[in-house]
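Every number in this text was worked out from the coordinates using simple rules, so none of it is lab data. All of these numbers come straight from a predicted model, not from anything done at the bench. Cβ sites come from the backbone with ideal geometry, for glycine too, and all protein chains shown count toward neighbours.
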Amino acid sequence: MARVLVGLLWHEGNSFNPLETLEADFSLSEGETLLRDYRGSETALGGILRGLERQGFDPLPATAARARPGGPVERAFIERYVDSLVECVRRERPDAICLDLHGATTATGLPDVEGHLLTRLRQEAGPDTPIAVAADLHGYITPAMTAAADIITGYRTNPHADMGDTGERAVRLLARLLDGERPKLTSLRVPMLAPGNDWTSKGPLADICARAGAMRADPRIADLSVFNTQPQLDVADTGQTVLVYSQDENLAAHCARELGAMLWRHRTEFTTVLADLDTTLAGKKPGLLALGDFGDRVLGGAPGDSLYVAETTRRDFPHLRTLSFVHDPRAVDTAVQVGLGNTAEFAIGAAVSSHAFPAIRPVAAHWTAKALGRAQYVNRGPYMAGMKSDFGEHAVLTDGNMTVVATTRAPNAHDPAALGLALLDLDEIDVVVLKSGMHFHLSFSAICPCVSVATPGFATDRLDTLPYDSARPVYPLDDIEWSSEAP
Ligand SMILES: [Zn+2]
């Protein structure tokens with residue numbers, strides 16, 4: 001029975017969010033706790049554990065470290081995490097390693113965290129221990145990562161409906177590696193960013209994903225992934241990455257070049273077609289509407305401190321009752337001092353975002369503290385079903401038609417279970433504002449219409465409003481020439 005070391009590092013970096021992601025922002029699970037937390041969850045690690053069981057392999061649980069997306073992670077924590085995994089390999093001498101990695105984790109002074117982690121693991125494990133990785137479709141896949149791992153396979157869908165499947169596939173590929181198969185990698189980087197219009201079921205990616213699917217049906221292709229790298233990442237050599245694993249290098253090169261050419265040909269279509277907020281609110285039908293606050297979505301690494309949608313609604317559509325989630329530890333403190341059921345005048349939100357985006361302002365009102373407590377719940381899914389969300393302490397504050405759930409951790413709110421924090425019935429809300437651009441569609445579409453709206457913030461689709469440096473030159477920031485046929 002093969003003994004397979006398993007672990008997870010999940011954090012999507014946003015280079016422009018000035019708030020460092022701290023160790024305290026991570027949920028950590030080790031050993032048996034990892035198995036308990038992730039078995040049955042709709043995550044790649046959940047899929048890896050399912051796959052190992054199917055193959056009859058024995059999981060050796062290392063550490064799972066999961067944080068919401070955000071600013072770069074504190075370097076010392078990443079180094080401790082990497083050391084702990086390396087130590088686990090040294091102690092256990094596993095037959096293979098299978099990891100759930102986001103792929104676009106950044107740390108302070110270390111843009112390629114996964115490349116660093118995989119390189120250290122390869123050094124410790126030696127050249128013959130297979131290493132397989134299940135990665136997010138938004139991964140920043142670097143030469144250091146592909147050199148150190150035998151297989152990196154990515155989600156096929158955005159929003160991500162196949163995280164568990166990806167984990168299971170990573171294990172199937174790992175089983176083939178354990179049987180001695182060593183497919184060669186052909187990779188191709190396309191120097192362009194896809195800022196938001198990157199649904200895999202519609203828009204420019206639909207044809208590309210269908211073509212990639214047809215290529216995978218060829219048994220000579222061991223695996224093929226297209227990575228639409230997280231665009232709000234200011235790192236060298238970013239872009240779209242195609243990975244093809246096959247013994248047939250000519251075929252792999254042909255596939256990579258064809259997909260690269262398709263991506264480049266469609267490059268103008270990736271600039272988003274997000275809905276306009278005013279138009280959306282003006283045309284709102286009766287019943288609940290879920291809005292994705294695209295610019296300040298925590299799922300794109302923004303701070304989650306904007307009440308831009310709530311403020312706009314209060315000003316221009318005052319008859320609509322909004323429920324918003326906002327990162328504001330000071331507002332939580334103030335609410336505790338004011339006391340449950342009491343009212344005071346103060347401002348909420350915008351502590352970080354207002355410095356870069358003047359349209360995001362603190363919202364002053366006569367706030368009544370309606371509830372205080374711990375913002376925890378289990379996601380119903382299907383996105384991230386079974387995973388616990390924890391936004392720290394929270395205060396539910398109301399004034400007129402505005403209800404705000406202020407939290408001490410960035411509120412990665414994308415699941416209907418989050419509504420329970422506000423102690424409101426669905427018919428008491430007209431608009432719920434979520435800190436998600438796409439994934440909330442998976443989990444809310446059974447309940448109500450979902451619309452992603454263009455808003456300011458560190459996760460904006462308007463890439464020209466962000467101060468890129470290391471990523472350049474890259475399309476659409478720069479008008480560059482490129483061909484998939486170039487060597
Ligand atoms: Zn993603």
Compactness check, the chain: C-alpha Rg relative to the 2.2 N^0.38 Å globular estimate gives 0.97
Volume per residue (Å³) of the convex hull spanned by the alpha carbons of segment 56-210 is 131
A chain fully extended from residue 181 to residue 22 at 0.36 nm per residue, minus the present Cα-Cα distance, gains in nm 53.3 nm
The ratio Rg/Rh over the Cα atoms of segment 267-321, Rh being the Kirkwood inverse mean 1/r radius, stands at 1.01
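What is the dipole size for the chain, taken about its Cα centre, with +1 at each Lys and Arg Cβ and -1 at each Asp and Glu Cβ, in debye to the nearest 20?
Around 620 debye, computed over the chain.
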Rounded to 0.05, the calculated FRET efficiency for the beta carbons of residue 425 and residue 249 at R₀ = 45 Å is 0.15
In the chain, whole DSSP H helices that both stretch 20 Å or further along their axis by alpha carbon positions and average at least -1.0 on the Kyte-Doolittle scale are 75-92, 163-178, 249-265
Calculated from DSSP helices alone, with each H run of at least 4 adding -39500 (n - 2.57) and the total divided by the residues of the chain, [θ]222 nm to the nearest 500 comes to -8500 deg cm²/dmol
Expressed to one decimal in nm², the mean projection of the alpha carbon convex hull of segment 3-270 is 12.7
From fewest to most C-beta neighbours within 10 Å, the residues 11, 327 line up as 11, 327
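Taking 8 Å as the Cα distance limit and 6 or more residues as the minimum spacing, I'd like the relative contact order of segment 277-460 as a percentage.
37
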Other residues with Cβ under 11 Å from the Cβ of residue 104 give, with Lys and Arg +1 and Asp and Glu -1, a net charge of -4
Descending packing, highest mean Cβ count within 10 Å first, for 232-244, 181-193 is 232-244, 181-193
For segment 277-460, the Debye formula with one identical point scatterer on each Cα and no solvent gives log10 I(q)/I(0) at q = 0.13, 0.17, 0.18 Å⁻¹ as -0.57, -1.03, -1.18
Cα-based Rg and Dmax for segment 98-156, in Å, come out at 10.8, 32
Rounded to one decimal in nm, the spacing of the 7 Å Cα→Cβ label points at residue 276 and residue 80 is 5.0
